[in-house]
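Data first, discussion second: the structure below is written as structure tokens.
The values are calculated or read from the model by the stated rules, or taken from the named source; none is laboratory data. Nothing here was measured: the structure is a model prediction, and the numbers come from that model. Backbone-built Cβ (ideal geometry, glycine too); neighbour counts: all protein chains shown. These accessible areas exclude ligands, DNA and RNA; they are computed on the full protein's heavy atoms, side chains included. Shrake-Rupley method; radii C 1.70, N 1.55, O 1.52, S 1.80 Å.
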Amino acid sequence: MKSAVILISGRGSNMQALVEAQPGLDFRAVISNRPAAGGLPWAASRGIETRVVDHKAHPSRESFDAALAQAVDAFAPDYLFLAGFMRILTEGFIHRYPRSILNIHPSLLPSFPGLDTHRRAMEAGVKLHGATVHFVTPALDHGPILVQAAVPVLEGDTEDALAARVLAQEHRIYPQAARWLAAGRVEFRGADVVQVRGSGVAGDWAIAPRDPP
Ligand code: GRF
């Protein structure tokens, strides 16, 4: 069985979705850069090893990433899942784990990389928003896309309502990506394109707004 470590910074609802889905990966540890991350006690309660590598204890990104790499390497994982992990990783760290770091981002990349994606989507007036699971490369919130889910932006939406609609999809597609990785079905076509062997296009690939009948 392939193994994984999950990196979090906060509540860790994506981490919970990953673990609870039992995707066929051995989740060896959850590591947080924040000692108070709400997801840590949950992981511990499931018998998963937890570690804190506090970014505030490090004078530079390089020194934080070196400590993080040391913590990760102790578990020798095949994959690293960033799940609400709010630190920008150095190029050195990313190159250490080629084609092995996954991230979930709350937008349909390449639209809206970075923060405040739901507010920015509403301000831009897009009609479809969503979430993306991608491999991590040194370009922030870019990298080969593994799976996306779209949701409608509805009239009268608030940022919170839209965020909740997207989060429900995040909890669906991150475990899906984990299952594909566990099954060894993820293939690279060149450096930028990823395909999943035998996936086809599922009927629920997008949820689009419709006129009422
Ligand atoms: C999620 O929306 C994730 O996509 C983003 O930050 C949020 C973290 O939520 N990067 P959680 O900690 O997984 O609940």
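Please find, among 76, 36, 66, the residue that is outside the structural domain of residue 148 (by TED's automatic domain parsing), open to solvent by 50 Å² or more (accessible area, probe 1.4 Å), farther than 25 Å from residue 179 by Cα and away from the ligand (no atom under 16 Å from the Cβ). I'd like the intermediate steps shown before the answer.
Values: 76 fails: farther than 25 Å from residue 179 by Cα; 36 fails: away from the ligand (no atom under 16 Å from the Cβ).
None of the others qualify; the one that does is 66.
Looking only at the stretch 112-125, which residues are under 15 Å from residue 161 (Cα atoms) and open to solvent by less than 50 Å² (accessible area, probe 1.4 Å)? It would help to see each step written out before you state the result.
Taking the stretch 112-125 and keeping what is under 15 Å from residue 161 (Cα atoms), we get 116-123.
117, 118, 121 - these are the residues of the stretch 112-125 that are under 15 Å from residue 161 (Cα atoms) and open to solvent by less than 50 Å² (accessible area, probe 1.4 Å).
Table: residues versus (1) without any contact (Cβ under 8 Å) to a residue 40 or more places away in the chain; (2) of a type in the set (A, V, I, L, M).
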{"residue": "116", "(1), (2)": "yes, no"}
{"residue": "128", "(1), (2)": "no, yes"}
{"residue": "133", "(1), (2)": "no, yes"}
{"residue": "138", "(1), (2)": "no, no"}
{"residue": "156", "(1), (2)": "yes, no"}
{"residue": "166", "(1), (2)": "no, yes"}
{"residue": "182", "(1), (2)": "no, yes"}
Of the conditions (1) in contact with a Gly (Cβ under 7 Å, 6 or more places away or on another chain); (2) within 16 Å of the ligand (Cβ to nearest atom), residue 41 clears all except one; give me its number. (1)
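Got at least one residue in the stretch 79-92 being on the phi > 0 side of the Ramachandran plot, in contact with a strand residue (DSSP E or B) (Cβ under 8 Å, 6 or more places away or on another chain) and either within 12 Å of the ligand (Cβ to nearest atom) or in the same structural domain as residue 50 (by TED's automatic domain parsing) (or both)? Let's see the steps before the verdict.
From the stretch 79-92, those on the phi > 0 side of the Ramachandran plot are 84; that's our starting set.
Those still in the list that are in contact with a strand residue (DSSP E or B) (Cβ under 8 Å, 6 or more places away or on another chain) too: 84.
Of the ones still in play, those that are also either within 12 Å of the ligand (Cβ to nearest atom) or in the same structural domain as residue 50 (by TED's automatic domain parsing) (or both) are 84.
Scanning the stretch 79-92, I find at least one residue that is on the phi > 0 side of the Ramachandran plot, in contact with a strand residue (DSSP E or B) (Cβ under 8 Å, 6 or more places away or on another chain) and either within 12 Å of the ligand (Cβ to nearest atom) or in the same structural domain as residue 50 (by TED's automatic domain parsing) (or both), so the answer is yes.
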Residues in the stretch 39-55 that are open to solvent by 50 Å² or more (accessible area, probe 1.4 Å) and out of contact with any helix residue (DSSP H, G or I) (no Cβ under 9 Å at 6 or more places or on another chain): how many? 4
When you scan the stretch 10-32, do you find a residue that is buried (at least 24 other Cβ atoms within 10 Å of the Cβ), within 9 Å of the ligand (Cβ to nearest atom) and of a type in the set (S, T, N, Q), even just one? yes
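Pull up the stretch 127-153, narrow it to residues that are out of contact with any Leu (no Cβ under 8 Å at 6 or more places or on another chain) and open to solvent by 10 Å² or more (accessible area, probe 1.4 Å), then point me to the one that is farthest from the ligand (Cβ to nearest atom). Can you show your working first?
Within the stretch 127-153, the first condition is being out of contact with any Leu (no Cβ under 8 Å at 6 or more places or on another chain), and the residues that meet it are 127, 137-140, 143-144, 147, 149.
Next cut, open to solvent by 10 Å² or more (accessible area, probe 1.4 Å) only: 127, 137-140, 143, 147.
Values: 127: 20, 137: 16, 138: 18, 139: 16, 140: 12, 143: 14, 147: 13 Å.
Within the stretch 127-153, the match that is farthest from the ligand (Cβ to nearest atom) is 127.
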